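Visitor: One structure is given below, represented as structure tokens, and several questions about it will come after.
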Amino acid sequence: MQLDDADQSVQSDTAGRLVGHLPEDLASASMTLARRFSSHATLWCWSPRWPQHAEHVAVEFVHPVIVGKRALPAVAVSDADPITVLRTLVEAGDVLLVVATAMTTEVAAVLQRAPAWGIETIWLGSGPRPRFGLADHLLWFDDLGDEAAANGTFVLAYHVLWELTHVCFEHPGLLAQPMADEACADGTCLTCADEGRVAEVVELHGPFTLVRSGGETEEVDTTLVEPIAPGDLILVHAGVALSRLDAERV
Amino acid sequence: MTEGTDFLYPFIEGGEQDAAGLLADLATSAAAKGAISAHLQAVTLADRDAVMTTLAQAMAQRFSAGGRLFVFGNGGSATDAAGIVALFRTPPWGRALRARSLVADHAVLTALGNDVGFELVFSRQLIAYAQEGDMALGLSTSGNSTNLLSAFAEARRRGLLTLGLAGSDGGQMAASSDVEHCLVVPSSSVHRIQETQTAMAFELWSRVQSLV
């Protein structure tokens, strides 16, 4: 259970910096990361306002500070147009970690595409919470503002994310089990339910359009939602595009 | 051991089916790490309080006289250096101050690393950029990074104020006369050291802001 963390023995009566739901949310996000890495996923890291945090997370996973821990594929995306870069690079099953406050408007535009690309998302931030469901995992410091990005709080959060992810690797049996969101025995997961799936337009072919949904490409009938262009997001049900998803406010 | 081929799949055995148990352990561990980090930060900040007051005054004087702050480190510390620069240069409140990261330019870093050696990537930049009246801030968790030590030596020769953030026992940075002020985070965990170093830099920035 323990990493070779020499300071584990320190006794502390100080109020912790990881309180409320954060310990449970970090545990869940770590398990997800470990399971995805075990299936050869890449972790993409992006922070529109604080690129240094995305880079810190990436170097943490690629070059572990504890000798003997696995080097894992994590990449910081620092480009001015992250959507174009991520669209080209991500593969189904990958994970995207975003570091940003809910007030950062461009984040929703990226996260909305995650179901189309078939990736899982983790959002680390502070201040007012974003709308429920925009990211699969929220690591949120509700009581802090932007100072969380500068005073070591975010650094602590992703350090612990890294540490717990490596603890999960000591339990390979648990990593091989299906994830909760993959189980559809009760028929309520998005794939089996009578709901639209988010898709991103790839290429137009007359009335039929090549789209990407869940990381897979398929042809759908888009006559109901035209005009459309590559990069647009649509909702697809039973091979038919039913509506457009407009850029959303957080 | 169970029959048949179950021995090939140890996860089928009781303990390894207990995802909920592992998640509970992970959450407990996360909370403990958060408490350890908070404790280390509180103790270190309290212990270095007087030094930070002196330092903030010296830095504020240099900033007010036109001095610039150069910040550098390796790996995670390089990203923490970039964060400190962003804090001084584009602050959440207060005055924007002249700070620059020596890890920001890939062309300069790789040119120097390739041509003169990685141990000189920061010192050679200081030769090009730094003037008397400037400040050099280097971050290392061990205190032993050779490229930081050579940068501090160059900075001292040029009359810069030199400030180091180190960890563990402070390593060579704490012993070096080239590092005028070495703030050491007394921990052996690289992660906990970096968290408190960032908190110390934030506190330092906050005090400088109240003086400029």
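Visitor: Which residues' amide hydrogens lie under 5 Å from the amide hydrogen of A:LEU245, considering only partners 5 or more residues apart or on another chain, with H built in the peptide plane?
Guide: Placed amide hydrogens put A:LEU233, A:ILE234, A:LEU235 under 5 Å from A:LEU245.
Visitor: Determine Rg/Rh for the protein assembly as shown; Rg is computed over alpha-carbon atoms and Rh is the Kirkwood hydrodynamic estimate from the same atoms.
Guide: When Rh is taken as the Kirkwood radius, the ratio is 1.02.
Visitor: Mind checking which helices in chain B clear 30 Å along their axis (Cα) and have mean Kyte-Doolittle hydropathy of -0.5 or more, DSSP H runs only?
Guide: Helices meeting the span and hydropathy rule in chain B are B:19-47.
Visitor: Select from B:PHE88, B:PHE118, B:PHE152 the residue whose mean-square fluctuation is largest in a Gaussian network model of chain B (Cα-Cα springs shorter than 10 Å).
Guide: Ranking B:PHE88, B:PHE118, B:PHE152 by mean-square fluctuation puts B:PHE118 first.
Visitor: In whole Hz and in residue order, list the ³J(HN,Hα) couplings for region A:202-208 that follow from phi through the Karplus curve 6.51 cos²θ - 1.76 cosθ + 1.60, θ = phi - 60°; x for Gly and Pro.
Guide: Once θ is set to phi - 60°, the couplings for region A:202-208 become 9, 7, 9, 10, x, x, 9 Hz.
Visitor: Ok, one more. Give me the number: length gained by fully extending A:ALA71 to A:THR84, i.e. 0.36 nm times residue separation minus the C-alpha to C-alpha distance, one decimal in nm.
Guide: Contour length minus the Cα-Cα distance gives 2.0 nm.
Visitor: Averaging sequence separations of C-alpha pairs under 8 Å and six or more residues apart, then dividing by the length of chain A, give the relative contact order as a whole percent.
Guide: 18 percent
Visitor: Give, as ranges by residue number, the residues of region B:174-212 whose backbone N falls under 18 Å from the point 7 Å along Cα→Cβ of B:TRP93.
Guide: Answer for region B:174-212: B:202-212.
Visitor: I would also like to ask the following. Pick from A:GLY196, A:GLY20, A:GLY125: which residue has the top mean-square fluctuation in a GNM of chain A where Cα pairs under 10 Å get a spring?
Guide: Sorting by GNM fluctuation, first place goes to A:GLY20.
Visitor: Still on this structure, please answer the following. Taking amide hydrogens as modeled 1.01 Å from N in the peptide plane, which residues meet the under 5 Å criterion relative to A:TRP44, leaving out close sequence neighbours?
Guide: A:VAL75, A:VAL95, A:LEU96, A:LEU97
Visitor: Taking a cut-off of 29 Å, what percent of all Cα-Cα pairs in chain B are separated by more than that?
Guide: The proportion of pairs with Cα distances above 29 Å equals 33 percent.
Visitor: Let me ask something else about it. Let me have the 222 nm mean residue ellipticity of chain A computed from DSSP H runs of 4+ only, each contributing -39500 (n - 2.57), with the sum over all residues rounded to the nearest 500.
Guide: -8000 deg cm²/dmol
Visitor: Another question, if that's okay. Nearest 20 debye, what's the magnitude of the dipole of region A:197-245 about its Cα centre given +1 on Lys and Arg Cβ and -1 on Asp and Glu Cβ?
Guide: Charge dipole of region A:197-245: 160 debye, to the nearest 20.
Visitor: For region A:197-245, what does the equivalent ellipsoid look like in terms of its semi-axes, each the square root of 5 times an eigenvalue of the Cα gyration tensor, given largest first in whole Å?
Guide: Whole-Å semi-axes of the equivalent ellipsoid: 13, 11, 10.
Visitor: Testing the spin-label approximation: label points 7 Å from Cα along Cα→Cβ at A:GLU226 and A:ARG129. State their distance in nm.
Guide: Using points 7 Å along Cα→Cβ, the separation is 4.3 nm.
Visitor: For a label point 7 Å from the Cα of B:ALA104 along Cα→C-beta, name the residues of region B:147-176 whose backbone N is under 13 Å from it.
Guide: Zone members listed by number: none at all.
Visitor: Follow-up. In Å, what Kirkwood hydrodynamic radius results for region A:17-176 from the alpha-carbon pair distances?
Guide: Here the Kirkwood hydrodynamic radius works out to 15.6 Å.
Visitor: Could you tally the net charge around B:LEU211, taking each other residue with its Cβ under 14 Å from the Cβ of B:LEU211, Lys/Arg +1 and Asp/Glu -1?
Guide: Net of charged neighbours comes to +2.
Visitor: If the only charges are +1 at each Lys and Arg Cβ and -1 at each Asp and Glu Cβ, what is the size of the charge dipole of the protein assembly as shown around the Cα centre, to the nearest 20 debye?
Guide: 2240 debye
Visitor: Say we join alpha carbon atoms closer than 10 Å with springs in a Gaussian network model of chain A; which of A:ARG212, A:ARG131, A:ARG197 then has the biggest fluctuation?
Guide: In this elastic network of chain A, the residue with the biggest mean-square fluctuation among A:ARG212, A:ARG131, A:ARG197 is A:ARG131.
Visitor: Would you be so kind as to identify which of A:GLY145, A:PRO64, B:GLY73 lies farthest towards the positive end of the dipole of the protein assembly as shown, taking Lys and Arg as +1 and Asp and Glu as -1 on Cβ and the Cα centre as origin?
Guide: Farthest towards the positive end: B:GLY73.
Visitor: Now for a different question. If each DSSP helix of 4+ residues adds -39,500 (n - 2.57) and the sum is divided by the residues in chain B, what number results at 222 nm, nearest 500 deg cm²/dmol?
Guide: For chain B, the value works out to -17000 deg cm²/dmol.
Visitor: Among A:LEU233, A:VAL220, A:VAL202, whose Cα lies farthest out toward the positive end of the dipole of region A:197-245, if unit charges sit on the beta carbon of Lys, Arg (+1) and Asp, Glu (-1)?
Guide: Going by the Cα projections, it comes out as A:LEU233.
Visitor: While we're on this one: Taking the Cα centre of region A:17-176 as origin, sum charge times position over the Cβ atoms of Lys and Arg (+1) and Asp and Glu (-1), and report the length of that vector in debye to the nearest 20.
Guide: The dipole magnitude comes to about 240 debye.
Visitor: Spin-label point model (7 Å from Cα, Cβ direction): what's the A:GLU24 to A:ALA92 distance in nm?
Guide: My value for the distance between the label points is 3.2 nm.
Bear in mind that the values in this text are calculations on the coordinates, not laboratory data. Computed from a prediction, not measured in an experiment: that's the story for all the values here. Heads up, the Cβs are rebuilt from the backbone with ideal geometry, glycines too, and the neighbour counts pull from every protein chain shown.
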